[in-house]
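Beneath this line is the structure, given in structure tokens, with notes to follow.
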Amino acid sequence: MKTKHIDGALVYFNEHEVGQAIREKISDGTVKREDIFYCGKLWNTFHPPELVRPALERTLKTLQLDYVDLYIVEMPTAFKPGDTFYPRDENGKYIYHDTDLCATWEALEACKDAGIIKSLGVSNFNKRQLELILNKPGLKYKPVSNQVECHPYFTQPKLLDFCRQKDIVIVGYSPLGTSRDASWVNLSCPPLLEDELLVSIAKKYNKSPAQVVLRFNVQRGVVVIPKSFSPVRIRENFQIFDFSLSDAEMNAIEGLNKNIRFVELLMWSDHPEYPFHDDY
């Protein structure tokens, strides 16, 4: 049985449904709990150390699971603590909170010691923020992964190299590019899956451009978490292990890098810990 990686989060507002589906598939014998790799995320409003375990326990209670396999700090940007996930003042400005990422991390380490998290990771952390954790006095558990945007138009070579040196796995979100929602997506970046090079390589292998893009990242050691609502496309996204890209094709796809993010999160760019001002 291959492990099923489920990338979840409190702010996806679907943990109840996901938990129900997991329990149904366990009870009918389709999978065992150890076949499921569930990743949960600590949201920005729960960074103070005393809020970390209650936030995790809320996720566990909703999922009706005893532990999560991976729990990650979703963003290095803390918001005003509380149950309003996107707190704003009367002028509509986001209300931030002083971030002590090391104190948050220590609270997560205690949850791992308690057995309710198997592994700890981060998301959207730059090199400086990763080093803050890695160099923390008395560090017990280092991040095993960093979930960041990663695809042929944004290949993350420097961050990927740094994380490899530190044995931190890069998990690539938006590996197929992303939706064209102008409210949060940078539309100056052209649609990835229409790229002529990707289309031509896809034709050669009788694959889709999406399958080529996923294969590219998997072949360079990046874990991919594509999102789709279409059962046909979800199946297609798994069918990337029956072909390999040549070195020349890998280099050509790497050459597509534009160093442009689709997901810029500019609405939080004035946060002191906004991660994307740094080079990597």
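The values are calculated or read from the model by the stated rules, or taken from the named source; none is laboratory data. Being a predicted model, the structure only gives us computed values, none of them experimental. Because the Cβ atoms are built from the backbone with ideal geometry, glycine has one as well, and the counts that use them run over all protein chains shown. Protein only, heavy atoms only, side chains kept; ligands, DNA and RNA dropped before computing areas. Shrake-Rupley method; radii C 1.70, N 1.55, O 1.52, S 1.80 Å.
Rounded, prolate or oblate, given the Cα gyration tensor of the stretch 229-280, with a/c below 1.5 counting as rounded?
oblate
Multiply the residue gap between Phe238 and Lys204 by 0.36 nm, knock off their C-alpha separation, and tell me the result in nm, one decimal place.
Numbers: separation 34, 0.36 × 34 = 12.24 nm, distance 1.87 nm.
Full-extension gain reported as 10.4 nm.
Which whole-number percent gives the relative contact order of the stretch 113-259, counting Cα pairs below 8 Å spaced six or more residues apart?
Numbers: 172 pairs, mean separation 34.0, N = 147.
Reported relative contact order: 23 percent.
With all protein chains present, how much of the accessible area of the stretch 137-206 (probe radius 1.4 Å) comes from carbon and sulfur, to the nearest whole percent? Provide the component values of the computation, followed by the final result.
Numbers: 1890 of 3440 Å².
Result for the stretch 137-206: 55 percent of the exposed heavy-atom area is carbon or sulfur.
Taking R0 as 45 Å, what's the FRET efficiency between Ser269 and Lys4 from their Cβ-Cβ distance, rounded to 0.05?
Calculated transfer efficiency: 0.80.
If you look for lysine pairs in the stretch 100-145 that are eight or more places apart or on different chains, how many of them have Cα atoms under 18 Å apart?
Numbers: Lys112/Lys136; Lys112/Lys140; Lys112/Lys142; Lys118/Lys140; Lys118/Lys142; Lys127/Lys136; Lys127/Lys142.
Taking the Cα cut-off of 18 Å, the pair count is 7.
Return the ratio Rg/(2.2 N^0.38 Å) for the stretch 120-251, where Rg is computed over Cα atoms only.
Dividing the Cα radius of gyration by 2.2 N^0.38 Å gives 1.15.
In a GNM of the chain with a 10 Å cut-off on Cα contacts, which of Pro190, Pro76, Pro209 has the highest mean-square fluctuation?
Fluctuation is largest for Pro190.
Given the DSSP H assignment, sum -39500 (n - 2.57) over each helix run of at least 4 residues in the chain and divide by its residue total; what's the result at 222 nm in deg cm²/dmol, nearest 500?
Result for the chain: -10000 deg cm²/dmol, rounded to the nearest 500.
Among the aspartates and glutamates, which fall within straight-line cross-link reach of Lys93, defined as a Cα-Cα distance under 18 Å, with same-chain neighbours fewer than 8 residues apart omitted?
Leaving aside aspartates and glutamates fewer than 8 places away in the same chain, those within reach of Lys93 are Asp83, Glu264, Asp270, Glu273.
Considering Cα pairs under 8 angstrom that are at least six residues apart, work out the relative contact order of the chain and quote it in whole percent. Intermediate results must be reported in sequence, preceding the final value.
Details: 432 pairs, mean separation 43.3, N = 280.
For the chain, the relative contact order is 15 percent.
Report, in degrees rounded to the nearest 10, the 0 to 90 angle that the Cα long axis of helix 209-219 makes with the longest principal axis of the chain.
Its long axis makes an angle of about 60 degrees.
Cα-based Rg of the chain per 2.2 N^0.38 Å, rounded to two decimals?
1.03
Lysines near Lys25 by alpha-carbon distance under 20 Å, same-chain residues fewer than 8 away left out - which ones?
Once the sequence-local lysines are set aside, what remains near Lys25 is Lys2, Lys4, Lys61.
Calculate, for the chain, the solvent-accessible area per residue in square angstrom, rolling a 1.4 angstrom probe over the heavy atoms of the protein chains.
Spelled out: the 1.4 Å probe surface of the chain, per residue, equals 49 Å².
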